[in-house]
Each structure stands twice: as structure tokens, then as C-alpha cells.
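Right, one structure below, let's go through it.
The values are calculated or read from the model by the stated rules, or taken from the named source; none is laboratory data. Everything quoted here is computed from the prediction, not taken from an experiment. So basically every Cβ, Gly included, is an ideal-geometry build from the backbone, and we count neighbours across all protein chains shown.
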Amino acid sequence: MTCNIIQFLKVLSHPQRLCMTLDMLRRERSVGELAHSLGVSASTASQHLSRLRDSGVVTGTRRAQKIYYRIADECPVVELVKVLSELFVANDCNTPRSLAS
């Protein structure tokens, strides 16, 4: 499924999915890595990744027993996510850079 702006914004309206997406801009991440960084269960992280994948925002690559997720190349709104990541502090999805200083 290709990514469209409405699906993208709906799926990113959830704070944990937004943080996951921002995190995956830096590098591929496994479910366990994302769960740990968000402080949620692997099951919760997997459910969020499923929504992101179904909306065309992320794609997964299996390596041995793990699937590593990254932002989908074909998603045309990747630039928006990059701008969001530049506006917000890397480790705190709730604090804009201008307020963190």
C-alpha cells in the first residue's frame, strides 16, 4: 500500500507512533529496540508498527529471528517527518527544540 498524507497524519497522531517514526529516521530498529526506547511492551510496539506498516509509512526486513523496521522509501511524506525530527529534541518527542534550550 502506498502512503498518502491523510493516512500518514492519522497514523502519526498517536504520540508513540510519532516517536517510533522519528526514531526510525535515524536507523532501522527491531520491535524490541523500539519497545525499550518507548518503555512499552513488545506487543504494544508491534501493534503500533502494524498500523505504520499498513499505512505505508514503514517497511520491515527480516534478519534471522528479528524484523527490522525503517521508514518506507516510497512514502512521499518522509520530508515532513524529517522536518518534525529537526523541530523536536531527539530524545523527547514532546519538547520542541526552541523550548528545550
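In segment 1-35, which residues are surrounded by fewer than 16 Cβ atoms within 10 Å (Cβ to Cβ) and assigned to a loop (DSSP other than H, G, I, E, B)?
Residues satisfying the conditions are Met1, Thr2, Asn4, Ser13, His14, Arg27.
With respect to Leu99, is the statement that it is modelled with pLDDT under 85 and either of a type in the set (Phe, Trp, Tyr) or surrounded by fewer than 11 Cβ atoms within 10 Å (Cβ to Cβ) (or both) true?
Yes, satisfied.
If I ask for residues that are more than 11 Å from the chain's Cα centre (by Cα) and not hydrophobic (A, V, I, L, M, F, W, C), which ones from segment 14-49 would you list?
Ser30, Gly32, Glu33, His36, Ser37, Gly39, Ser41, Ser43, Thr44, Ser46, Gln47
Looking at segment 36-60, which of the residues that are touching a residue at least 40 places away in the same chain (Cβ under 8 Å) and not β-branched (Val, Ile, Thr) is surrounded by the fewest Cβ atoms within 10 Å (Cβ to Cβ)?
Once the filter is applied, the top-ranked residue is Asp54.
Filter segment 47-64 down to residues that are in contact with a Cys (Cβ under 7 Å, 6 or more places away or on another chain) and of a type in the set (A, V, I, L, M), then give me how many there are.
1
Across segment 50-96, what is the number of residues that are closer than 19 Å to Lys10 by Cβ, modelled with pLDDT of 70 or more and over 12 Å from the mean Cα position of the chain (by Cα)?
Residues in segment 50-96 being closer than 19 Å to Lys10 by Cβ, modelled with pLDDT of 70 or more and over 12 Å from the mean Cα position of the chain (by Cα): 6 in total.
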